[in-house]
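The values are calculated or read from the model by the stated rules, or taken from the named source; none is laboratory data. All values reported here derive from a predicted model rather than from experimental measurement. As a convention, Cβ positions derive from the backbone with ideal geometry for all residues, glycine included, and neighbour counts pool all protein chains shown. To get the accessible areas, we keep the full protein, side chains included, count just its heavy atoms, and leave off ligands, DNA and RNA. Shrake-Rupley method; radii C 1.70, N 1.55, O 1.52, S 1.80 Å.
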Amino acid sequence: GRTDLELESITIERMLVLPDKGERQVQVVLTEQGPGEASLQIASRGAGDTSWQMHASGKVRLPVGEARVALEDETPSALRSRLTTALPAAEHYARMQERSIGYGPAFQGVAELWVGEGEALGLVRLPAEVDASGYHLPPALLDACFQVAAGLFASGLESSKDRGTYVPVGIERG
């Protein structure tokens, strides 16, 4: 059956690169740690490999009641009007390419991006090349959300090359 889980934390230990040709097996392991809690591990191995490479680990839990973090009442349009810089998708991907981060068509899900000091807002869409069947949240769409977060580092005037590359290595529930 289907059960909703909440992600408590995740640590990204190693980049998971999918080959242009061939296959890479990806394994997600949930291990019960107590009532309603489990550890999470994501590993992969290439064709012919005998050992698994660990990519991420974390903790998940069953939702508790209706407790949700209260979000501010600000609408996306109000946030967008406050942000000082609009980055078209083509410019966003050109900046990423300057940092030697190449996104193929299936991972170009940022349609629009607006950035300001310490804030970023993006419109993300699942690229037409992606088959989302079998996913509640397709990995390519989640990656596009991380790309919006990269917009936090794109608001300066200096060249993208001078800014360096930022890669998320962990997330914790606040």
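The GluC sites (Glu not before Pro) of region 81-145 that DSSP puts in a loop, and whose beta carbon has at most 14 other beta carbons within 10 Å, are 117, 129. Enclosing the Cα atoms of region 44-142 in their convex hull gives a volume equal to 203 cubic angstrom per residue. Each residue of region 122-132 was assigned a 3J(HN,Hα) from its phi angle through the Karplus curve 6.51 cos²θ - 1.76 cosθ + 1.60 (θ = phi - 60°); the sequence is x, 9, 10, 9, 6, x, 4, 6, 9, 8, 8 Hz, with glycine and proline shown as x.
Report the calculated FRET efficiency for residue 52 and residue 94 (r = Cβ-Cβ distance, R0 = 25 Å), to the nearest 0.05. Walk me through the intermediate numbers first.
On the way: r = 36 Å, r/R0 = 1.43.
Efficiency, from the Cβ-Cβ distance: 0.10.
Suppose R0 equals 22 Å. What FRET efficiency, 1/(1 + (r/R0)^6) with r the Cβ-Cβ distance, do residue 6 and residue 128 give to the nearest 0.05? For R0 = 22 Å, the calculated efficiency reads 0.10. For region 55-63, the Karplus equation 6.51 cos²θ - 1.76 cosθ + 1.60, evaluated at θ = phi - 60°, returns couplings of 10, 7, 9, x, 9, 10, 8, 6, x Hz by residue, with Gly and Pro reported as x. Residues whose amide H lies under 5 Å from that of residue 55, counting only those 5 or more places away or on a different chain, are 42, 43, 44; hydrogens are built 1.01 Å from N in the peptide plane. Taking amide H as placed 1.01 Å from N in the peptide plane, residue 8 has its amide H under 5 Å from the amide H of 59, 60, 61, each at least 5 places away in sequence or on another chain. Per-residue ellipticity at 222 nm from helix content only, as computed over the chain with -39500 (n - 2.57) for each DSSP H run of at least four residues, stands at -5000 deg cm²/dmol.
Could you state the accessible area per residue of the chain in Å², with a 1.4 Å probe and every protein chain left in place? Let's see the in-between values first.
On the way: 12000 Å² over 174 residues.
Result: 69 Å² of accessible area for each residue.
Of the accessible area of the chain, computed with a 1.4 Å probe over protein heavy atoms only, carbon and sulfur atoms account for 53 percent. Please work out which option in [x] 78, 40, 23; [y] 46, 45, 30; [z] 61, 35, 27 gives Cα extents along the principal axes in Å calculated from these coordinates, and answer with its label. Identified label for the calculated read-out: [y].
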